[in-house]
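S.K.: Below you'll find the structure I mean.
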Amino acid sequence: MRNILFVFLALTLAACSGSVPDDTASRAIGPRPSALPPMKTFANPRVAPAARSNAEIARDFLDLSFELESGRRLPVLTRFEGPISVRVTGQVPPSLGPDLARLLRRLRREAGISITQVGADKDAAITIEAIPRAQLQRYVPQAACFVVPRLSSWDEFKRLRRGPTVDWTTLQTRERMAIFLPADVAPQEIRDCLHEELAQALGPLNDLYRLGDSVFNDDNFHTILTGFDMLILRAYYAPQLSSGMTRETVAAHLPGILAQLNPVGQRAADGRTGRTPRTWIDAIEEALGPRTSDKARRASAARAVEIARQQHWVDNRMAFSLFALGRLSLSGEADIALASFLQAGTIYNSRPETRLQGAHVAMQLAAFALSSGQAEAAIVLVDENIGPVAAAENAALLSTLLMIKSEALTMQGHTGQARAVRLDSLGWARYGFGSEKAVRLRLQEIAALSQRIRGDAPS
């Protein structure tokens, strides 16, 4: 299930600059909505292979495959046995078809899964139904999208959602799955749902905060399937495994499977990573959740940092704790926010597999630099992080970084170059943010960061 609680952390900059009145939007921040350029999309995927030892990956596989996100244990492995068909129903947005086709090609090529799309009127093993977001969240408020077993329609889900039919722990094999995702959100959000929910419909159902290179992580930094994820799915459908196997039986087969699929992992050092205590998970989820006050959420983030220190973590869980504390401190404690971001960035950037997370931190630091008149520092931060963001196909983050660079170039007086960078950002923004209103709001937020430095007056 893709969680909606983290989205604000990566994409909301208004807290850096205070409220932005509507009359500021008419300042020269780019073309009017009718002049926005065509949507940009990503072409060939740039997927880095899993970089950890096979012994570590085997432990990840077992924890991902034999537990639910709630902590409930799954008694046996379940998967589809045989070729898998997928159909799309409901209020299908234009971007869904091309993104699904691209994902299915990747699953066939990188995970070795026999999976094809059929017509909406055909029976299928997996049904993807697009419905209005408000309707989806009326039934599952904390989910951006989700997958359930044994069903093929939203109507079935509404009737059977509280019964044993949708209980994952009772499955022995997978025959029918339903994925429900919002039809009326940005193309990137729809694509992200496709990647995570289809991966869970096919394979592991759990998320692990310790994973820095996977969509199977509730921090939601990775939004498309990574090299690690494809390796996990390829192992999940290895001929040595089958539905009904216990954890112990699967564990006995995994060393041989991974040695065959990932020989480089036989030579990698085994970096043992401890399990994540429930106290830290509870603290981080309270920090990200919408049900408490800002003060309580900041306190929860600070508690997560303290637990991480007690655990002596120096991995992405410590960095994520600091990132959450930094983001929640922006509105009133800028010194804490900046210090937290700097510490988080140091941890993330120390490992190649968490460079994307480092780019999210860099976006926040670039916003700080822009708002304090350090145009060159903002440009350097953007240029250093464009690569990992593009490789991860995060158009929303990519467009935000480019908007920051455009403002910094304007601040330096390079208006022609700034205009070109802004135009580039808008094509990605069309995919990342969707509506023209959302695109212009992001431009407005970024422009407000440098407004007081440049001395601009509202038009």
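The values are calculated or read from the model by the stated rules, or taken from the named source; none is laboratory data. On a predicted model such as this, the values are computed, not experimentally measured, just so you know. Cβ placement follows ideal geometry from the backbone for every residue including glycine, while neighbour counts extend to all protein chains displayed.
S.K.: Any residue at all in the stretch 365-386 that's farther than 22 Å from Leu338 by Cα and either aliphatic (A, V, I, L, M) or outside the structural domain of Thr226 (by TED's automatic domain parsing) (or both)?
M.R.: Within the stretch 365-386, not a single residue is farther than 22 Å from Leu338 by Cα and either aliphatic (A, V, I, L, M) or outside the structural domain of Thr226 (by TED's automatic domain parsing) (or both).
S.K.: All but one of (1) in contact (Cβ under 8 Å) with a residue 24 or more places away in the chain; (2) within 29 Å of Ala359 (Cα to Cα); (3) of a type outside the set (Asp, Glu) hold for Asn217; which doesn't?
M.R.: Tallying (1) in contact (Cβ under 8 Å) with a residue 24 or more places away in the chain; (2) within 29 Å of Ala359 (Cα to Cα); (3) of a type outside the set (Asp, Glu), Asn217 fails exactly one: (1).
S.K.: Another question, then. Can you find a residue that is outside the structural domain of Leu103 (by TED's automatic domain parsing), over 28 Å from Pro45 (Cα atoms), at pLDDT below 95 and in a helix (DSSP H, G or I) anywhere in the stretch 421-439?
M.R.: Checked the stretch 421-439: at least one residue is outside the structural domain of Leu103 (by TED's automatic domain parsing), over 28 Å from Pro45 (Cα atoms), at pLDDT below 95 and in a helix (DSSP H, G or I).
S.K.: Report, ordered by the first and then the second residue, all pairs with beta carbons closer than 6 Å, sequence separation of six or more or different chains, a first member in the stretch 319-341 that is crowded, with 16+ Cβ neighbours inside 10 Å, and a second member that is polar (S, T, N, Q) and not in a loop (DSSP other than H, G, I, E, B).
M.R.: Leu322/Ser340; Leu322/Gln343; Leu325/Ser340; Gly326/Ser340; Phe341/Gln364
S.K.: Check Ala359, Ala396, Ala366 and return the single one that is more than 23 Å from Thr226 (Cβ to Cβ), at pLDDT 95 or above and outside any loop (DSSP other than H, G, I, E, B).
M.R.: Criteria check complete, one pass: Ala366.
S.K.: Output the number of the condition that Leu330 fails; it satisfies all remaining conditions of (1) modelled with pLDDT under 95; (2) over 24 Å from Ile386 (Cα atoms); (3) among the hydrophobic types (A, V, I, L, M, F, W, C).
M.R.: Status for Leu330: all satisfied but (2).
S.K.: From the list Ala130, Ala111, Ala134, which residue is among the small types (Gly, Ala, Ser), surrounded by 18 or more Cβ atoms within 10 Å (Cβ to Cβ), more than 11 Å from Ile84 (Cα to Cα) and out of contact with any strand residue (DSSP E or B) (no Cβ under 8 Å at 6 or more places or on another chain)?
M.R.: The unique qualifying residue is Ala111.
S.K.: Another question, then. Of the residues in the stretch 296-311, how many are under 19 Å from Ile347 (Cα atoms) and in contact with a Gly (Cβ under 8 Å, 6 or more places away or on another chain)?
M.R.: 1
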